[in-house]
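Values in this text are rule-based calculations from the coordinates and carry no lab data. Quantities reported herein were computed from a predicted structural model and do not represent experimental measurements. With ideal geometry, Cβ positions are generated from the backbone for all residues, glycine too; neighbour counts draw on all protein chains shown.
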Amino acid sequence: MDDVFPEEAALKMKRWPKEPIAAGYRHTVALQADGKVLAVGDNKYGQCDASEWCEIAAVAAGSAHTGNSHSVGLQTDGTVAAIGWNKYGQCETSSWHDIKAIAAGWRRTIGINRDGTVVAAGRNNEGQCDVSEWCDIVAVAAGDWHTVGLQSNGRVTSAGNNRYEQCNVSGWRDIVSVAAGYLHTVGLKTNGRVEAVGLNKDGQCDVSDWHNIVAIAAGSHHTIGLKKDGTVLAAGRNNDGQCDVSDWRDIVAVSAGSAHTVGLRRDGTMIAAGQNEEGQCNINEWRGIALPRNGF
């Protein structure tokens, strides 16, 4: 029998959360409690040059199985800042306003308007930016070539590449959170169980036995689940140690990059595992990171 969350906890998870940490392709971004932003790792295109940002409410980072990246910041006034790789216009968000949530995928940026409609900027060769007709959306996730939207009724819609059936989410119900990796999609249900579809070559979709999960994240080839007790589960490729999270404790938020994983502790400090060639895991000295708006 499924472990059922209290109704109050499920309702909290459906509200607009503040995303305080983001793991990109080879960089990590974190929102401080004072609204400023820290970033470390690959900075080839200036994706870590966020030190002058202020009054930020959420952050996102473009992740990919290969390639370059960008960083996005949702400001408290509903506008959006973006820096980094902009070959496909993924950082052209200066005209956006009344945005309430953001997501960053490979070569694109997604924003949710306060009225539940969705905007997108960046490459659209696979239809991954065909989201203008979506409505009643409360959360979005962006993989490499597909985009996923969570509706307020707990159902899920998608756009983009579906070669590995990563967009086969129309039958999902009672979903409260979504995540998208390179070629797989993950959904968190109200009962704390997890759904996953798409490429499963490395076992990144082997999450059907997970329970008591309160947050999820998807990297290129791995999936992360945060349990209600503050511990963390992982499935998928672990060639760089990105799934070595079993000893993490007191975690309140997680994010997964291409080949690294980051976690936010309840005391505002962070922990990381996985590939660190560009210093994307050098976050142990960070302090005062903002906690998620809705705790558990």
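Across the stretch 129-162, the qualifying residues are those that are surrounded by fewer than 24 Cβ atoms within 10 Å (Cβ to Cβ) and among the acidic types (Asp, Glu), and the one among them that is nearest to ASP115 (Cα to Cα) is ASP136.
Pairs are defined by a Cβ separation below 9 Å, a sequence spacing of at least 6 or placement on different chains, a first member in the stretch 57-81 that is within 13 Å of TRP96 (Cβ to Cβ), and a second member that is of a type in the set (Phe, Trp, Tyr); the pairs so defined are GLY73/TRP53; GLN75/TRP53; GLY78/TRP96; THR79/TRP96; VAL80/TRP96; ALA81/TRP53. Every listed requirement among (1) out of contact with any helix residue (DSSP H, G or I) (no Cβ under 9 Å at 6 or more places or on another chain); (2) more than 23 Å from ALA23 (Cβ to Cβ) is met by ASN191 save one, (1). Give the stretch 22-66 a look and list any residue that's among the β-branched types (Val, Ile, Thr) and either crowded, with 24+ Cβ neighbours inside 10 Å or in a strand (DSSP E or B) (or both), or say none. Passing the criteria: THR28, VAL29, VAL37, VAL40, ILE56, VAL59.
Close contacts from the stretch 87-105, counting a first residue that is farther than 22 Å from HIS146 by Cβ and free of Cβ contacts under 8 Å to residues at least 60 places away in the same chain and a second that is acidic (Asp, Glu) and surrounded by 17 or more Cβ atoms within 10 Å (Cβ to Cβ), with Cβ to Cβ under 8 Å and a gap of 6+ residues or different chains, come to none at all.
Selection over the stretch 268-287 of residues that are under 14 Å from ALA30 (Cα atoms) and in a loop (DSSP other than H, G, I, E, B) gives a count of 10. The set of residues in the stretch 163-187 being in contact with a Leu (Cβ under 8 Å, 6 or more places away or on another chain) and over 20 Å from GLY116 (Cα atoms) consists of ARG163, TYR164, GLN166, TYR182, LEU183, HIS184.
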